1. For a quick size check, give me the Cα extents of the chain along its three principal axes, largest first, whole Å.
2. Pairing the Cα long axis of helix 309-340 with the longest principal axis of the chain, what angle in degrees results, from 0 to 90 and rounded to the nearest 10?
3. For region 323-393 and region 289-304, compute the distance between their C-alpha centroids and round to whole Å.
4. When the helix-only estimate is applied to the chain (DSSP H runs of n ≥ 4, each -39,500 (n - 2.57), divided by the residue count), what is the mean residue ellipticity at 222 nm, nearest 500 deg cm²/dmol?
5. Give the longest segment of the chain that steers clear of GluC sites (Glu not before Pro) in DSSP loops with at most 11 neighbouring Cβ atoms within 10 Å, not counting the sites themselves.
6. Do the alpha carbons of any pairs in LYS29/LYS402; LYS29/LYS68; LYS92/LYS303; LYS92/LYS410; LYS92/LYS399; LYS28/LYS426 sit beyond 32 Å of each other, and which pairs?
7. Mind pulling the angle between the C-alpha long axis of helix 92-109 and the longest principal axis of the chain? Nearest 10 degrees, somewhere in 0 to 90.
8. In the structure shown, do any of LYS85/LYS309; LYS422/LYS485; LYS200/LYS422; LYS299/LYS486 have a Cα-Cα gap over 31 Å, and if so which?
Amino acid sequence: MGDDKKTEKTELTGLRSMIWPIHGFELKKFLPMAIMMMCILFNYSILRGMKDSLVVTSMGAETIPTLKLWFVLPSAVLFMIIYSKISNMFSKDSVFYIVVAFFVGYFLLFATLLYPYHQHLHTDFPNITIKYISRLLKPVGCWTFSSFYVMAELWGSSMVSLMFWRFANDVTSLKESKRFYSMFGFVANGALIISGTFLKEVKGGGGSGADQWGALPYLIGTVIVSCFVIIGLYYWLNNCVLKDPRYYNPDEIKKTKKKEKLSLGDSMKYIFRSPYLGYIVLLVVCYGVSINLVEVMWKDQAKLLYPTKNEFNAFMGGLQIYTGIATILFMLIGANILRKCSWFVGAMITPITFFVTGLIFFAFIIFRPQLEPIVASIGGITVLGVINSVGLIQNVLAKGVKYSLFDPTKEMSYIPLDDELKSKGKAAVDVIGSRAGKSGGALIQFVLLNVIFVGSALVELSSIIAVIFSVILLLWFVAVRGLNKKFLEITADHAS
């Protein structure tokens with residue numbers, strides 16, 4: 001028995017170490033965590049497709065910056081405040097259950113009341129000539145769709161970035177993380193393929209009215225079932241797996257002395273005094289701003305090709321399928337990069353990919369007039385179709401490297417930190433930082449559309465946005481370099 005354990009703990013070599021670097025005895029811990037992450041990503045993919053289908057087809061893509069800036073960001077701040085409060089009042093397990101139950105309650109409310117009666121709950125404001133007021137009032141009038149957009153965004157920030165990765169960082173050693181984290185993504189991102197197929201195929205009965213979406217109850221019902229699976233896996237891991245010292249050794253993971261819990265104000269001061277966390281915040285903000293600058297313009301063009309909820313939802317389903325396939329392939333590459341190369345190399349690949357693919361997409365938008373005669377001579381395709389395809393490729397590649405390298409390298413950077421920075425610092429970075437990043441991109445677009453170039457269409461500002469995009473990417477490169485220096489210092493201290 002002892003010899004078997006010793007054999008299982010030896011380093012894996014050859015092809016096995018490249019494709020599946022998980023020991024047999026570790027599957028009892030690894031698989032439930034990977035499946036839990038898969039369920040969380042499945043829900044996020046379903047909710048992301050639904051929120052875009054509701055908002056883009058009902059209010060237009062140009063309302064997305066307004067939603068992110070004036071609705072999502074304040075909600076994220078409120079969520080972080082409440083999360084910090086309940087973290088001081090309840091255990092980590094209880095906080096996890098409370099957060100998941102909150103989302104389940106809202107989704108039930110939306111499926112049974114808010115969406116079926118949205119035509120009676122929404123308000124039509126009179127036409128206002130001042131465009132920025134009109135764009136602000138439209139999400140207020142369609143408040144049920146706006147609330148769903150906010151909750152879908154919060155699911156990604158809170159469940160993916162905060163709840164799962166905080167749990168993983170608490171029970172995974174730095175040595176395990178180099179093998180586990182990319183493989184979590186390798187298994188879990190199969191959810192994108194499943195959810196994408198589900199979004200494409202589930203049509204529903206069409207509802208009782210022209211504006212009803214018959215597929216919605218089926219989509220929400222699947223999300224709720226997935227939430228209960230997440231709760232069950234979390235309970236089983238904590239009560240049946242992590243009690244075994246082979247799978248969880250607190251002395252091996254927590255190197256620092258446990259600190260006394262601080263108030264919210266003291267926690268924020270403690271967080272913002274940390275240059276280390278400052279670099280992580282900059283990484284997250286740069287990612288959020290850059291992806292938002294590209295995505296909103298791309299969805300604005302996609303709406304012209306897919307004007308109805310079912311068509312746009314099926315289009316988003318295709319995006320999820322392609323992203324899932326790309327991410328799984330990138331996970332195999334990323335897992336080996338993280339094991340064989342430095343943290344810096346793994347962290348730099350994502351911004352480089354964003355920079356190259358983003359500029360190519362903007363080039364197609366900017367030089368659209370020059371492309372029209374070339375495309376017309378080919379026949380069978382349109383310039384709009386080509387731009388949409390280039391945007392799709394950009395999004396798939398960007399999301400693929402984000403999930404396979406950006407997320408694992410970011411989460412690895414939390415592991416050497418003390419408990420206070422791991423919990424409340426991570427909450428501030430992942431919930432506030434990610435939302436500030438996406439809202440930062442929204443702010444840029446909002447100011448351009450409603451303050452500087454009032455009345456302009458988003459596509460008309462593509463060259464300006466491309467320049468801003470380039471500046472953000474340069475900041476991202478600087479943040480990776482700075483965090484790498486701090487990461488090497490702190491890990492060297494722990495090793496000694």
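We did not get these values from a lab; they are worked out from the coordinates using the rules stated. Please read all numbers here as calculations on a predicted model, not as lab measurements. Virtual Cβ from ideal backbone geometry, glycine too; neighbours counted across all protein chains shown.
1. Taking max minus min along each principal axis of the Cα atoms, the chain gives 72, 48, 44 Å.
2. In the chain, helix 309-340 runs at an angle near 30 degrees to the longest axis.
3. Measuring centre to centre over Cα atoms gives 14 Å.
4. Numbers: 23 runs with 352 residues, N = 496.
Taking each H run of at least 4 residues, the total per residue is -23500 deg cm²/dmol.
5. 12-259
6. Values: LYS29/LYS402 24 Å; LYS29/LYS68 37 Å; LYS92/LYS303 42 Å; LYS92/LYS410 22 Å; LYS92/LYS399 30 Å; LYS28/LYS426 27 Å.
LYS29/LYS68; LYS92/LYS303, as the Cα separations exceed 32 Å there.
7. 20 degrees
8. Distance filter (> 31 Å) returns LYS85/LYS309; LYS200/LYS422; LYS299/LYS486.
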